[in-house]
1. Taking the dipole about the Cα centre of the chain, with the C-beta of Lys and Arg at +1 and of Asp and Glu at -1, give me whichever of Leu80, Ala130, Val194 is farthest to the positive side.
2. Report the per residue volume, in Å³, of the convex hull enclosing the C-alpha atoms of the chain.
3. In the range 87-175, which trypsin sites (Lys or Arg not before Pro) are in a loop and have at most 14 other Cβ atoms within 10 Å, using DSSP for the loop call?
4. Wrap a convex hull around the Cα atoms of the range 30-107, take a quarter of its surface area, and give that in square nanometres.
5. Identify, among Leu10, Val58, Trp152, the residue whose Cα sits farthest towards the positive end of the charge dipole of the chain, taking +1 on the Cβ of Lys and Arg and -1 on the Cβ of Asp and Glu, with the dipole about the Cα centre.
6. Starting from the Kirkwood radius over alpha-carbon pairs of the range 75-154, derive D by Stokes-Einstein at 4 °C in a medium of 1.567 mPa s and give it in µm² s⁻¹.
7. Residue-wise, which Karplus ³J(HN,Hα) couplings in Hz belong to the range 152-167, taking 6.51 cos²θ - 1.76 cosθ + 1.60, θ = phi - 60°, and x for glycine or proline?
8. Return one number: the angle in degrees, 0 to 90 and rounded to the nearest 10, between the long axis of the Cα atoms of helix 23-43 and the longest principal axis of the Cα atoms of the chain.
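The values are calculated or read from the model by the stated rules, or taken from the named source; none is laboratory data. Being a predicted model, the structure only gives us computed values, none of them experimental. Please note: Cβ atoms are built from the backbone with ideal geometry, for glycine as well, and neighbour counts cover all protein chains shown. For the accessible areas, the whole protein counts, side chains as well, though only heavy atoms, and no ligand, DNA or RNA atoms are used. Shrake-Rupley method; radii C 1.70, N 1.55, O 1.52, S 1.80 Å.
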Amino acid sequence: LAVIMSTHWLVRLLDRFRPPFGWLPFGLLLGALACLAFSVLDVGWVSNDGFIGPIMVVGFVGTMIVARRVRRPAVAWLLLIAAGAFLALFLVADLWPPWRVAQAGTAAVSDFWRIRLALFGDRAAGWLAAVRGGGRSTETVVFALGLALAGWWVGALLAWSAYRARRPFLGLTLAGFALAANTFYGQSPIYWAVFFFGL
């Protein structure tokens, strides 16, 4: 049975892509991060908050890879900052072109991106003008961008503290504070905090 299991394609695949320190710590850290993501989703800070889970996971996994492969911390963080800012803007501005636009060619995709970025810029400028004038705005695009960036950094710092600094409790403490703030201010269900501390 052991010989059959060792030659199974799934076992070989899991062994080939085995994260540093094994699958168990990876799963526990990712599970703790998922508790924070689900807690934020339960509050519903913005209407289009479907980006929060993916950006946290990509921030975590991407940083885990960069932390192990890039020797110089300054270069690694420069890459991570650029990737996080790009991904946050890409998801919040909804720059993923629909299939029909992608099939139409490069010019159609370029036009789609130009229109989406102009819409994002217009919405952000409207919010900024309202804030500068001392008024109020119901526009949530700037808050959504901040939420996306915060999600990226929590995931990135959790992976960096675990896989580069080898002190996972630093990243878990940050994620715990974020979860506590979200639970307190957003009235998120308490069971996400229970699951988080259990993990």
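1. Leu80
2. Working: hull volume 35.8 nm³, N = 199.
Dividing the Cα hull volume of the chain by its residues yields 180 Å³.
3. When the trypsin sites (Lys or Arg not before Pro) of the range 87-175 are filtered for loop state and at most 14 Cβ neighbours within 10 Å, Arg136, Arg166 remain.
4. The Cα convex hull of the range 30-107, projected and averaged over all directions, gives 7.2 nm².
5. Most positive-ward Cα: Leu10.
6. 91
7. Result, rounded to whole Hz: 4, 5, 5, x, 5, 5, 5, 5, 5, 5, 7, 9, 10, 7, 6, 9.
8. Tilt of helix 23-43: around 30 degrees.
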